[in-house]
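J.: Following this message is one structure expressed as structure tokens.
Read the figures in this text as sums done on the coordinates, not as results from a lab. Note that the coordinates shown come from a computational prediction; the quantities given were computed from them, not determined experimentally. Don't worry about glycine lacking a Cβ; one is built from the backbone with ideal geometry, like all the others, and counts go over all protein chains shown.
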Amino acid sequence: MSTQDALGKIGYKKSPALDDVAIYDSILSAVIDQRLPPGTRLTEAELCSIYGTSRRSIERVLVRLEAEGVVTIERNRGARVARPTAQDARDVFDLRRLVEVQVVKLLSGRITSQAHHRLVASLGAEDSRVQDTQDRARIHHSGDFHILLADECGNSEIRRLVCRLVARTSLITQLFGNNQALDCWHDEHVRLVELLMEGETEEAEALMVQHLGSIEGALRLVEPRDQETSLRAALLR
């Protein structure tokens, strides 16, 4: 049964054409959630069909994603989800440390009761996945936590940057990942929120550096191979 047939059986109706921002968010989310693996072909015709939009709109979205390092576009070969190199991985984690330590500084001792409630809810969702055998689910919640921290800073540029870095990290962990990187992620997130609530800035900064370092340190930096996936199945999830 095709994806479209399956959607029809559950009452799915094709939505009106989405705008560029919604399409961008949809593709980026699929990358973060690891539904679109590195190297996946992003054919314009299929994307137009999936989103019910024009080729011009798809071109604009792909160009934006390319500028952010999430997509690569080659002349006469089209677009693909990016395949970061080992050096790309090092660069991404170097930048994450710089940016997310600043996030910690901005939040330490300044978390409102509403922000605390949102963080606790995120940690609760994480906790339900700690024993999940599907790494994709755990990675999804881990990435969401870091984006939420950035969101609580109230700086839209920081949030966009962290979101892009989380997406690139998702690609990196698919290519070079090691399950050891996920062993203590939840406990470290819980402790980080505690330190931020207590205003223990230096300890929170050190924990963020350690946390990101443990993920980077577990990577196996060997040349990966492309993965094949269905573009339509990934984006019409």
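J.: Which ordering of Tyr51, Tyr24 is given by a fewest-first count of other beta-carbon atoms within 10 Å? Please list the in-between numbers first.
T.: Values: Tyr51 24, Tyr24 19.
The fewest-first ordering by Cβ neighbours comes to Tyr24, Tyr51.
J.: Report the full-extension gain for the segment Arg60 to Val222: residue separation times 0.36 nm, less the Cα-Cα distance, to one decimal in nm.
T.: Stretched out fully, the Arg60 to Val222 stretch lengthens by 55.0 nm.
J.: Using +1 on the beta carbon of Lys and Arg, -1 on that of Asp and Glu, and nothing else charged, what's the dipole of segment 14-83 about the Cα centre, debye to 20? Present the calculation step by step, with values, prior to reporting the outcome.
T.: Values: 11 positive and 10 negative charges, 54 e Å.
Rounded to the nearest 20 debye, it is 260 debye.
J.: Calculated FRET efficiency, Asp127 and Asp25, Cβ-Cβ r, R0 35 Å, to nearest 0.05?
T.: My answer for the efficiency is 0.85.
J.: Full-extension gain between Ile73 and Leu98, please, as 0.36 nm times their residue separation minus the C-alpha to C-alpha distance.
T.: 6.2 nm
J.: Using the Cα atoms of segment 86-217, I'd like the radius of gyration and the largest Cα-Cα distance, Dmax, both in angstrom.
T.: Rg then Dmax for segment 86-217, in Å: 13.7, 40.
J.: With +1 on each Lys and Arg Cβ and -1 on each Asp and Glu Cβ, how big is the dipole of segment 86-217 about its Cα centre, in debye rounded to the nearest 20?
T.: 480
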